[in-house]
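Notes for the one structure printed next.
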Amino acid sequence: MFPGCPVRNILARLCDKWTLLVIYILYRSGKESMRFMELKQQMPDISQRMLTMTLRTLEEDGYVTRTIFPEIPPRVEYALTERAKSLKPILDSLLHWSVDNMEDIMNDRKRASEAH
């Protein structure tokens, strides 16, 4: 990706369409961990394949842990690491900023599309 630039390297993976949302849902749940289908239910517009890929990337980068329980059927749970939990103030700020600015941004988009 961008090995010489830490900002581009990290943000390229962290700021895709689903990653921050998965982290936010795990944080917001207030639980220690969540099962795959619990996450999927919170994001009905994500495919099972994309959620799997997103969780794998989060695990590779050390944002979530994956625990497999030896049951039948196997139970898999995902939990935030301390690294991911340290993103909380940033996510909270981004969420508040988004809510505060969404209407204006949507109006600007509408004006721009009407101008074309």
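Some points to look at:
- Between 77, 82, the distinction of being modelled with pLDDT of 95 or more, surrounded by 14 or more Cβ atoms within 10 Å (Cβ to Cβ) and charged (D, E, K, R) belongs to 77 only.
- Residue match in segment 61-68 (condition: surrounded by 10 or more Cβ atoms within 10 Å (Cβ to Cβ), of a type in the set (A, V, I, L, M) and either within 21 Å of residue 27 (Cα to Cα) or within 14 Å of the chain's Cα centre (by Cα) (or both)): yes
- Within segment 13-41, residues that are farther than 15 Å from residue 67 by Cα reach partners that are among the acidic types (Asp, Glu) with beta carbons closer than 7 Å, at six or more positions or on different chains, in the pairs 13/61.
- Any hit, segment 12-32, residues being open to solvent by less than 60 Å² (accessible area, probe 1.4 Å) and not in a helix (DSSP H, G or I): yes
- Where a residue in segment 70-84 is free of Cβ contacts under 8 Å to residues at least 40 places away in the same chain and its partner, wherever it lies, is of a type outside the set (A, V, I, L, M) and open to solvent by less than 100 Å² (accessible area, probe 1.4 Å), with Cβ under 8 Å and at least six apart: 81/62; 81/63; 81/65; 83/62; 83/63
- Test for residue 47: is it open to solvent by 40 Å² or more (accessible area, probe 1.4 Å), of a type in the set (Gly, Ala, Ser) and either in contact with an Asp or Glu (Cβ under 7 Å, 6 or more places away or on another chain) or modelled with pLDDT of 95 or more (or both): yes
- Filtered residues of segment 89-116 (kept if under 20 Å from residue 11 (Cβ atoms) and either touching a strand residue (DSSP E or B) at 6+ places or on another chain (Cβ under 8 Å) or open to solvent by 70 Å² or more (accessible area, probe 1.4 Å) (or both)): 89, 90, 93, 94, 95, 96, 97
- Where residue 61 falls short, out of the listed (1) of a type in the set (D, E, K, R); (2) under 16 Å from residue 10 (Cα atoms); (3) without any contact (Cβ under 8 Å) to a residue 24 or more places away in the chain: (3)
The values are calculated or read from the model by the stated rules, or taken from the named source; none is laboratory data. Because the structure is a prediction, the values reported are computed rather than measured. Note that each Cβ is placed from the backbone with ideal geometry, even for glycine, and that neighbours are counted across all protein chains shown. Protein only, heavy atoms only, side chains kept; ligands, DNA and RNA dropped before computing areas. Shrake-Rupley method; radii C 1.70, N 1.55, O 1.52, S 1.80 Å.
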